[in-house]
Amino acid sequence: MPIAKVDGVEVEFEAGMNVLQVAELAGKEIPRFCYHERLSIAGNCRMCLVEVKPGPPKPQASCALPAAENMEIFTDTPMVRKARHGVMEFLLINHPLDCPICDQGGECDLQDQAMGYGRDDSRYADNKRAVEEKYMGPLIKTVMTRCIQCTRCVRFITEVAGVPDIGLISRGEDVEITTYLDKAVASELSANVIDLCPVGALTSKPYAFNARPWELKKTESVDVMDALGSAIRVDARGPAVLRVLPRTNEAINEEWISDKTRYAVDGLSRQRLDRPFIRENGKLRAATWAEAFDAVATKVQATSPDRIGVIAGDLQDAESMKAAKDLFGGMGVKSLDCRQDGMALGAGQRESWLFNSSLQGIEDADYILIVGSNPRLEAPVLNARLRKRWLAGALKVGVVGEAADLTYEYAYFGSGPAALSGLAKAKGDFVTGLKTAKAPAIIVGAGALNRPDSAAVLQAAAGLAKAFGMSWNVLHTAASRVGGLDLGFTPAEGGKTAGELVQKGGADLLVLLGADEMDLSKTGAFVVYVGTHGDAGAHRADVILPGAAYTEKNGLYVNTEGRVQMGFRAVFPKGEAKEDWSILRALSEKLGAKLPYDTLDQLRAKLFVDHPTFGRIDYVPETPAAVDFAALGRKGELSDAPFASAMKSFYLSNPIARASVTMAECASLASGVTKIAAE
């Protein structure tokens, strides 16, 4: 490896690194505004100036200067210090004195670096330049007079999000960052520009003027808005969650999160169930926990186990599903299901329902076939990974399903199962390259697995994967799905699926664990709803037992690649609401079938014994077991119906999002139809 000297200390570095990266390897902090390790190099803020030898006797931008063998780098000479002070003075010529009213205060790179490199006065007496505000949608607030033209936002939207809606116009003193067509930024990742902006030019519109960073209690947790399990930080003050920010996790989300992850949090305080309810004479009335438990116990004891069904929703933690399975499974109930959408997977080896390449490992693929999925809506952060690989020229993509804008080019083979079954004989560069690909992969989405013919589709996809030697990857959309399948929260022999349970005559008693994505209009069953929001399940319920949202409890979640992650409580449940597992534990005592654990730690201990995969926190096998393709699916007639993405509305996909005013506004803009916000 080449060696360079940084302030007299020798440092080994990888070929291709720039001077700034080499200096950081040596432990030297280089100030910067425009440089970001995940974006292309712009070299326009000039804050990262250093002195190098051999080279001209002047400061040079370290971000844009490749490091070389035997190069000497000086990061703190009088020349460098004077240059940085001069650059900071230039940056502040037009910057307004907004710190007391700026939402970036306390988290501002310009504020921090002005302390180290700024002057206590200015030599410029001209009037400051003013720039009119730009409209970037309901999520991004702009105060463009503060902008220092670092272009991080432009590069992110263009390179990572793949939606070139923001750009730099004009020249010299008239330069402005703007949306080209004065419209909302049309990306599911758009609000990441708020984190990237080093000044207060782009801030969070829903969060504006709500709190200062030092007022907030910060809790590290995981996201449940999709099945990726992105690393997040939940910021709360008192009983309210005020914002969600991304944490860096190279294996999952790098440092990005979707707009839904970030902004659905206002739904946590709206339409909440904060006390038990019982339906009498067609109307719900507030009740005590004792009354609610008595009503449930009476009905359960009067109902045969084969007429009871339990359905787990998309946001459930593993502990609540384990408690439900232990309680109702122990009573002889066979109809338990975590697949609200009717997904075909759920039996056989674990690898059959996992994203086996891993989210980070998918970047090693050279050919990818996407079947029945729209990753841009179902997993925006994963879609950004695919785009990154495609931009590098190392990935070819083929699609069978919706012909959507995925932000990268792909070979399109058709919309339905016929295109899938005939792909092996299709002509074209993609199929030809697939035959000789070094690391081909298939991504099967929920849209291909929640159909009446999904078993036949599954067999066709598995046959194709086996024929071309593709790694098998299932992209789920529900945060609870893999955890439920790992637990075996599926119908036992003789049991009914979720779809069968909600049909007329399907069950006499239905227990819904946050299950709100099903049509409950046909069922005549007595419905017990354990959940957080007044959504579909609560509207149909006969008894409501208020549960805790993902920010209000400690819980285990398993993402689509099979990685077990721990979510942590940031605030306490609303009103009289309780954690879901504790509700089931209290109910078990009322039913005379007391569960053998009294604390969450005891429940987890039993969970780890019964299902050892849950004890492997944050672990994904480097080389997963080979998938038994022959066991996937079964023979059957393939429908002519085209594949449709499981994500009908990205911004309104779960009860929390549907209760969010911000998500309602985003959904309205995305559909072009004005809607009334959920309130």
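The values are calculated or read from the model by the stated rules, or taken from the named source; none is laboratory data. Since the structure is predicted, the reported quantities are computational estimates derived from the model, not experimental observations. Positions of Cβ are backbone-derived with ideal geometry, glycine not excepted, and every protein chain shown enters the neighbour counts. Please note that ligands, DNA and RNA were not included when accessible areas were found on the heavy atoms of the full protein model with its side chains. Shrake-Rupley method; radii C 1.70, N 1.55, O 1.52, S 1.80 Å.
Side notes on the structure shown:
- Complete set of residues in the stretch 320-343 that are part of a loop (DSSP other than H, G, I, E, B) and either among the aromatic types (Phe, Trp, Tyr) or buried (at least 22 other Cβ atoms within 10 Å of the Cβ) (or both): 333, 338, 339, 340, 343
- Extreme residue, farthest from residue 95 (Cα to Cα), among residues of the stretch 127-148 that are among the charged types (D, E, K, R) and not in a loop (DSSP other than H, G, I, E, B): 141
- Matching residues, the stretch 45-66, being open to solvent by 20 Å² or more (accessible area, probe 1.4 Å) and farther than 20 Å from residue 177 by Cβ: 51, 53, 54, 55, 56, 57, 58, 59, 60, 64, 65, 66
- Single residue of the stretch 113-137 satisfying the filter (basic (Lys, Arg) and either open to solvent by less than 70 Å² (accessible area, probe 1.4 Å) or at positive phi (or both)) that is modelled with the highest pLDDT: 134
- Selection count where residues are open to solvent by 30 Å² or more (accessible area, probe 1.4 Å) and in contact (Cβ under 8 Å) with a residue 24 or more places away in the chain, scope the stretch 102-112: 3
- Of the residues making up the stretch 157-185, just one is over 18 Å from residue 133 (Cβ atoms), open to solvent by 70 Å² or more (accessible area, probe 1.4 Å) and assigned to a helix (DSSP H, G or I), namely 173.
- Of all residues in the stretch 304-314, exactly one satisfies the criterion of being outside any helix (DSSP H, G or I) and surrounded by fewer than 17 Cβ atoms within 10 Å (Cβ to Cβ), namely 304.
- Test: residue in the stretch 234-252 that is polar (S, T, N, Q), open to solvent by less than 10 Å² (accessible area, probe 1.4 Å) and at pLDDT 95 or above: no
- The single condition among (1) within 30 Å of residue 212 (Cα to Cα); (2) touching a residue at least 60 places away in the same chain (Cβ under 8 Å); (3) not in a loop (DSSP other than H, G, I, E, B) that residue 73 does not satisfy is (1).
- Screening the candidates 42, 23 for the property of being surrounded by 18 or more Cβ atoms within 10 Å (Cβ to Cβ), in contact with a strand residue (DSSP E or B) (Cβ under 8 Å, 6 or more places away or on another chain) and either over 18 Å from residue 154 (Cβ atoms) or touching a residue at least 24 places away in the same chain (Cβ under 8 Å) (or both) yields one hit, 23.
- Residue 224 in a strand (DSSP E or B) and closer than 25 Å to residue 313 by Cβ: no
- Within the stretch 554-572, considering residues that are open to solvent by 10 Å² or more (accessible area, probe 1.4 Å) and closer than 13 Å to residue 320 by Cβ, the one nearest to the chain's Cα centre (by Cα): 557
- Only one entry in 295, 286 is farther than 25 Å from residue 598 by Cα, open to solvent by 10 Å² or more (accessible area, probe 1.4 Å) and in contact with a strand residue (DSSP E or B) (Cβ under 8 Å, 6 or more places away or on another chain), namely 286.
Table: residues versus (1) under 28 Å from residue 156 (Cα atoms); (2) in contact with a Pro (Cβ under 9 Å, 6 or more places away or on another chain).
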{"position": "3", "(1), (2)": "no, no"}
{"position": "9", "(1), (2)": "no, no"}
{"position": "19", "(1), (2)": "yes, yes"}
{"position": "35", "(1), (2)": "yes, no"}
{"position": "46", "(1), (2)": "yes, yes"}
{"position": "71", "(1), (2)": "no, yes"}
{"position": "81", "(1), (2)": "no, no"}
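- Of all residues making up the stretch 192-203, the number that are of a type in the set (S, T, N, Q) and more than 17 Å from residue 111 (Cβ to Cβ): 1
- Remark: pairs (first residue in the stretch 293-307, at pLDDT 95 or above and of a type in the set (Phe, Trp, Tyr); second residue assigned to a helix (DSSP H, G or I) and open to solvent by 70 Å² or more (accessible area, probe 1.4 Å); Cβ separation under 9 Å; 6+ apart in sequence or on different chains) = 293/589; 293/590.
- Given (1) open to solvent by 20 Å² or more (accessible area, probe 1.4 Å); (2) of a type in the set (Asp, Glu); (3) farther than 14 Å from residue 512 by Cβ, index of the condition residue 317 fails: (1)
- Looking only at the stretch 391-441, and only at residues there that are open to solvent by less than 40 Å² (accessible area, probe 1.4 Å) and on the phi > 0 side of the Ramachandran plot, the one that is nearest to the chain's Cα centre (by Cα): 407
- Only residues that are surrounded by 24 or more Cβ atoms within 10 Å (Cβ to Cβ) and of a type in the set (S, T, N, Q) were counted in the stretch 455-484, giving 3.
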